[in-house]
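These notes are about the structure you will find just below.
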Amino acid sequence: MSTAQVATLPVPPQLPARGLRLEAPVSLALPLAIFFVAFVLVPFMLLAFVSLHEDNGLKTMGFAQYIKFFGDSFNLSVLGDTLLLGLKVTLLTILIGYPLAYLYVNAPARWQTLLMLLILLPLLTSSVVRTFAWVVILGRQGIINTLLLDLGWVDAPLKLLYTPGAVTVALAQIELPLMVLPLITSLMNVDPNLRQASLSLGAGHWRTFMQVTVPLSVPGLLAGSLLVFASAVSAFVTQTLVGGGQQIFMPFYMYQQAIQANEYPFAAAIAMVLLLCVLVIVTVINAIGRRSKGFVHA
Amino acid sequence: MNRTEARSAVAVRLDGVTHRYGDSLAVDGVDLEIAPGELVALLGPSGCGKTTLLRIVAGLIAQTGGSVRVGGEPVDRLPPNERGAGIVFQNYALFPHMTVRENVGYGLRARRVARDEIARRVDEMLELVRMSAFATRYPRELSGGQQQRVALARTLAVRPRLLLLDEPFAALDKNLRLDMQIEIRRIQRELGITTLIVTHDQEEAMSMADRIAVMNAGVLEQFDAPETLYDRPATLFVAGFVGTANLIKGRLAGAPGSFVFTDEPGTSRIEIPRAGPCSRSGPVVFAARPEHLDLTQDLVRDNGRTEGIPVRVEMVLPLGPSLVYELSRRDGSGMKVVVPRGHDGPRLQVGDQVFARVRPGAPISFFSA
Amino acid sequence: MPDPIRASKPIRSESWSSLVERRSFRTVMGALAAVSLILLLAPTVIVIIASFTSAFSLKFPPPGYSTRWYLALWNESPEIIAAFKLSLQLASIATGISVVLAVAAAMALARRREQWARGLEAMFLSPLMLPTLALGLALLMLVNLAGTGLSFWTLVIGHIAITSPYIVRTTTASLVQLDRSLLESARSLGASGWFTFRTVTLPLIAPGIAAGAFIAFMYSFDNVAVSLFLSDARSEVLPIRMWHIIESNLDVRAAAVSGVLIAATLILMLVMERLVGVSRHVR
């Protein structure tokens, strides 16, 4: 009765066992997949295809559009300005956004819900509305000029709108939630004991912040940077309304060439260049992110 | 279900059940026969494969080899509900968005049982686990023990042929654990349902189970009643895992009727009429429970022969009706001997050099080394 | 022998340098955070205040206050109201279709480790990362090539493409957090796959789906990039109408529209937070 030895009855033929499968059938993903192939993948391939032609009639193929783009200093400056804008906005959002994320993480729970809603509200509000707000603020009769005039610091209203600085600041404010939210997630994943350990070992608050908190929040910084950069570079509305006619960035350039100038292949080339730049930068940031995950999660 | 209804309990049989995860073997050729209505505990250290085995019996995992039979029929191709396997998970898995009543009736609703029948059975089950007063509460409003009872009621409501519990008491505190063990045992007896419980706590297994299957690294070491496991461990692992045992490496010589065990340095010598499970001459491991040994100050016995294990008294702990002696051997290893208080012989002090001997008739074991 | 009682020492407290260090850190971070918060909210507040101006320009601070521009919006702006209705219609239909497609896809993909599943998920989330303006242009080209011409439905297609990622994301997150043993439990009790989905999975992931749908709806309502390329002459969505107003003559009605939109967003957000706890699904 007692041992673990084989029973005397013959072992029955082995039927393959079934187990319990919990996953939903793969076919459920098919509808969206088909939609995306038809209306995202194919259009992008079409975009690439059109960009490789020399004329609207799509008769001759070639790299003419790309040569035209990269050969002209004006075009390159538009690209450069756009990428630079993305960089500046990203850095500015890190500077402004970090303290806010830090505040949220250290705030008592009741305040956290309120803070979160305050951070979310701009995100959900129309970008046209938010850009319009900056037009109101920076305009000749806007609050800044009124303030400066009243204080007597200037004699005539400054031209604040339609300057590169204005676009940067406006975009930084508009994209701020996109940086703050991933930062909050990242900071909340940091073990609070680490901060306590650092403080109790004698490191001051500043050193603890720079050497413990910030490095551990790198995943959040990278995620936020990715989102802010991609958004800032593509922010058609703000770039155009706050930047005015004087500055042209890639999105407007693309629109202008397609709709106003009717140069579809060139517009397609501009779109492809923008896409590829964003793709490259996203890939780079993701790669950095994967490397840093190693040390963040001990 | 009427509790007085005769319930035909089923037997469970595992033949050569094996399960591999990639390269590692979680369960290695387990053969097991569980009698109808029996409560069997799967006992072992963490990682020994007991939970995997339970999930295989349940039908949640498709084992890579071997077969499972319930009530005589092979169930390998059947999902859990068709096998009649009722599972209570370690974290209870109560549906948080349903009340206790809705939870308990869930399986019946899924099987499209008539509404009034569902109500009747739910009431019956809630009464069985003594949770009738909580029918309209939500799981988050219940304590751990209460949640477990609801989980049990939910599983029993669909009248499974088998009851499978995965470490049911792990999350409860000690006092509650004892109560719940008694409770589950009572219910199991009342329903007469064949039950399999996974646990790493040997006290729990010893007190609840009819028989215990001890597992180690995927292998079934021994399957026996609790007392048999304790008195006649089949393997070295069981001797060391179930209860405490003093283990000494050495050599066995002699023949049935007069075996002699000597330890490696040769300083200890034990004479014993019976040896098992290993009785061949050669290297063995000697295993004796603390209460199987006695301490004496004379090396030489009445019959003139020297016998004993030289030890030094390190600690003397009175524990209820016994005295626990912590001892150290010449090579530094520890031993434990328990004697009833007030037994004849002088009370020993720390630092005394004495000899440990086997009590006459005590069931000590030898395992091949 | 106990020690003789000595003259009692003063009780030590935090050193001066430590106090300064701690206070300076807290003060600086607090101040920066306050600036951040003000910067975050000020533009919205300013717009609302400006919308109540009695003047004909957007001078700030306004010389006087009145609700005339809201009245003008209500009474004298049929084209703005038409644009509002169109945006509402578009956002509702696009979000509705997206929910069905996205939830199904999330169910199929969540928790799968295979390469193709990860790849599909990346494709579904790609519009979040890539310039949607390019997608708008690309879709325009597709429409021109197919010769079908622009219509309300080309707009819907574009909006489904940009809204479904949000729903895929929040639904996937909800599914990943779902306790597997709940599903094992349901199945072992006799529930079929569909019954389990209906009674266990769906109720528990509904908040996640709702949060995603809410964000998707607001995003569609607000979108300019795709709408710019894909709307025909007859249908003009609200953001584009607003843009024209701002660009052309800086009509103060733009401020009133903004005020209405901000108020609507705020109310919806509070409602969704109450019902579903949106803030938890965004992180």
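Summary table below
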{"read-out": "Euclidean distance of C-alpha centroids, region C:206-283 and region A:27-102, integer Å", "value": "24"}
{"read-out": "Gain on full stretching of the segment that runs from A:Gln211 to A:Thr113 - 0.36 nm per residue minus C-alpha separation", "value": "32.4 nm"}
{"read-out": "Angle between chain A longest axis and helix A:42-51 axis [Cα atoms, degrees, rounded to 10]", "value": "40"}
{"read-out": "B:Ala171 paired with A:Asn106, simple spin-label distance in nm, labels 7 Å along Cα-to-beta-carbon", "value": "3.6"}
{"read-out": "Theoretical FRET efficiency, 1/(1+(r/R0)^6), r = Cβ-Cβ of C:Ser57 and A:Asp191, R0 51 Å, to 0.05", "value": "0.40"}
{"read-out": "For B:Val284, distant residues with modelled amide H under 5 Å away", "value": "B:Gly250, B:Arg251, B:Leu252, B:Ala369"}
{"read-out": "Under 5 Å, built H, 5+ apart or other chain: amide partners of B:Asn216", "value": "B:Glu221"}
{"read-out": "Cβ-derived FRET efficiency at R0 35 Å, C:Arg274 paired with B:Arg120, nearest 0.05", "value": "0.35"}
{"read-out": "Calculated [θ] (222 nm, deg cm²/dmol) that DSSP helices of n ≥ 4 give over the protein assembly as shown, each run adding -39,500 (n - 2.57)", "value": "-16500 deg cm²/dmol"}
{"read-out": "Approximate spin-label separation B:Leu319-A:Trp153, in nm, with each point projected 7 Å along Cα-to-Cβ", "value": "8.1"}
{"read-out": "Residue-span extension gain [A:Tyr162 to A:Ile144] - 0.36 nm each, minus C-alpha spacing", "value": "5.0 nm"}
{"read-out": "Whole-Hz couplings from phi, Karplus 6.51/-1.76/1.60, listed for region C:193-200; x for Gly and Pro", "value": "x, 5, 4, 4, 4, 5, 9, 10"}
{"read-out": "Between 0 and 90°, nearest 10: helix A:164-188 axis offset from chain A longest Cα axis", "value": "20"}
{"read-out": "Length-normalised contact order of chain B in % [C-alpha pairs under 8 Å, at least 6 apart]", "value": "15"}
{"read-out": "Eligible lysines near B:Lys174 by straight Cα distance, threshold 30 Å, same-chain separation 8 or greater", "value": "B:Lys50, B:Lys336"}
{"read-out": "Where N is the number of residues in region C:77-282, Cα Rg divided by 2.2 N^0.38 Å", "value": "1.17"}
{"read-out": "Fully extended contour minus Cα-Cα distance, from B:Val350 to B:Ser143, at 0.36 nm per residue", "value": "69.8 nm"}
{"read-out": "Under the Karplus curve 6.51 cos²θ - 1.76 cosθ + 1.60, θ = phi - 60°, whole-Hz ³J(HN,Hα) for region B:225-237, x wherever Gly or Pro sits", "value": "5, x, 5, 5, 4, 6, 7, 10, x, 7, 10, 4, 4"}
{"read-out": "Cα centroid separation, region A:183-211 to region B:312-354 (Å)", "value": "52"}
{"read-out": "Label-point separation, B:Leu247 to C:Ala263 (7 Å along Cα→Cβ), nm", "value": "8.0"}
{"read-out": "Using a Förster distance of 51 Å, the FRET efficiency for C:Ala82-A:Leu276 (Cβ separation, nearest 0.05)", "value": "0.85"}
{"read-out": "Chain B: translational diffusion in µm²/s, Stokes-Einstein, Kirkwood Rh over Cα pairs, 25 °C, 0.890 mPa s", "value": "105"}
{"read-out": "Acute angle (nearest 10 degrees) that the helix A:264-296 long axis makes with the longest principal axis of chain A, alpha-carbon atoms", "value": "50"}
{"read-out": "Amide hydrogen neighbours beyond the local backbone of C:Val252, cut-off 5 Å, H modeled", "value": "none"}
{"read-out": "Chain A: C-alpha gyration tensor shape, a/c 1.5 cut-off, then a/b vs b/c", "value": "oblate"}
{"read-out": "Three-way shape label, the protein assembly as shown, alpha-carbon gyration tensor, a/c 1.5", "value": "prolate"}
{"read-out": "Sequence of B:Leu252, C:Leu266, A:Leu160 once ranked by neighbouring C-beta atoms within 10 Å, starting from the fewest", "value": "C:Leu266, A:Leu160, B:Leu252"}
{"read-out": "Span-rule helices in chain C, defined as complete DSSP H runs reaching 20 Å or more along the axis (Cα) with Kyte mean at least 1.0", "value": "C:16-51, C:78-109, C:132-146, C:202-222, C:253-276"}
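None of the figures in this text is laboratory data; all of them are computed from the coordinates on show. On a predicted model such as this, the values are computed, not experimentally measured, just so you know. Counting neighbours? That spans all protein chains shown, and the Cβs are built from the backbone with ideal geometry, glycine included.
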